[in-house]
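Every read-out reported here was derived from the displayed coordinates using simple, explicitly stated rules and does not represent laboratory data. In this text the structure is predicted, and so the values were computed from the model without any measurement. Here the Cβ is made from the backbone with ideal geometry for all residues, glycine too, and neighbour counts use every protein chain on show.
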């Protein structure tokens with residue numbers, strides 16, 4: 001497999017997992033969220049990632065989320081399931097669950113908390129690659145794993161049989177460019193390139209899209225990519241500018257939240273917008289501070305997302 005084995009590109013939200021006030025997976029809200037994404041015109045969806053609070057879920061719950069999402073989407077857009085775990089063996093079990101659910105692809109970070117070396121990161125992906133069948137996204141996520149996948153390591157991972165894409169979510173913009181420059185002929189690259197500068201990269205050096213926590217920016221991100229593909233660079237540049245201004249107002253450069261933990265502020269924003277995000281789970285707490293909620297609401301209004 002390689003980048004040409006899949007047609008994934010454009011704006012792919014990393015969906016939150018809606019929970020009820022009692023802490024259960026809210027399957028009805030998850031179905032509604034999948035339908036909302038399809039109606040918004042996004043180009044795919046990812047589940048059970050950081051935005052989906054995978055770290056709070058049991059294996060059975062993660063399997064349930066995958067099954068409900070795949071059934072709800074019903075082939076209208078690609079569905080990628082996050083299978084990150086602390087060991088390769090656990091990640092492989094999750095990957096098999098995702099395949100049984102009918103997912104189109106699977107995604108993994110390096111093992112969180114373990115602070116693996118570059119050699120250990122590569123070994124982790126090799127172990128997974130040897131046991132899975134679905135196309136894989138390797139994920140550089142230093143905020144969540146405390147390690148960067150260096151570009152030489154990424155290049156070795158990109159040569160594995162099932163790896164077709166990288167998601168690169170790092171504040172190190174030079175590393176993002178290195179990924180695009182060195183890897184995009186082999187695998188698809190998803191990174192935070194929705195901006196006037198990012199447009200120059202996408203239109204010149206390469207890159208394929210962005211897998212973004214929550215999908216609230218779809219009104220800017222979807223037409224950004226579709227304008228780019230249509231050759232209307234002026235329109236794409238304007239959508240990229242709007243996206244950049246909106247994102248900087250509530251997301252830190254390292255992908256943290258300006259008002260609360262990312263999952264908490266995401267679900268607060270979705271609630272303000274009337275979107276079915278549900279509740280957060282412990283260890284996160286809901287965003288309830290009136291001053292911060294007011295500032296978040298102002299961000300949404302300034303972006304034109306809230307009337």
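General remarks:
- Here each label is just a point 7 Å from Cα along the line to Cβ, and for residue 7 and residue 71 those points are 2.6 nm apart.
- Global form of the stretch 124-229, assessed from the alpha-carbon gyration tensor, a/c cut-off 1.5: prolate
- The stretch 224-267 and the stretch 63-114 have their alpha-carbon centroids 25 Å apart.
- Packing, as the average of other Cβ atoms within 10 Å across residues, places the peptides 252-261, 88-97 in the order 88-97, 252-261, highest first.
- Spacing of the two label points (7 Å from each Cα toward its C-beta) at residue 233 and residue 171, in nm: 3.1 nm
- Residue order, fewest to most surrounding Cβ atoms within 10 angstrom, among 168, 64: 64, 168
- Theoretical FRET efficiency, 1/(1+(r/R0)^6), r = Cβ-Cβ of residue 119 and residue 185, R0 25 Å, to 0.05: 0.50
- Added length on full extension, which subtracts the Cα-Cα distance from 0.36 nm per residue, residue 205 to residue 297: 29.5 nm
- Anisotropy class of the stretch 3-235 from Cα gyration tensor, a/c 1.5 cut: oblate
- DSSP-defined antiparallel bridges as percent of all bridges, the stretch 3-235, nearest 5: 5 percent
- Three-way shape call for the stretch 1-64 based on the alpha-carbon gyration tensor, with the a/c threshold at 1.5: oblate
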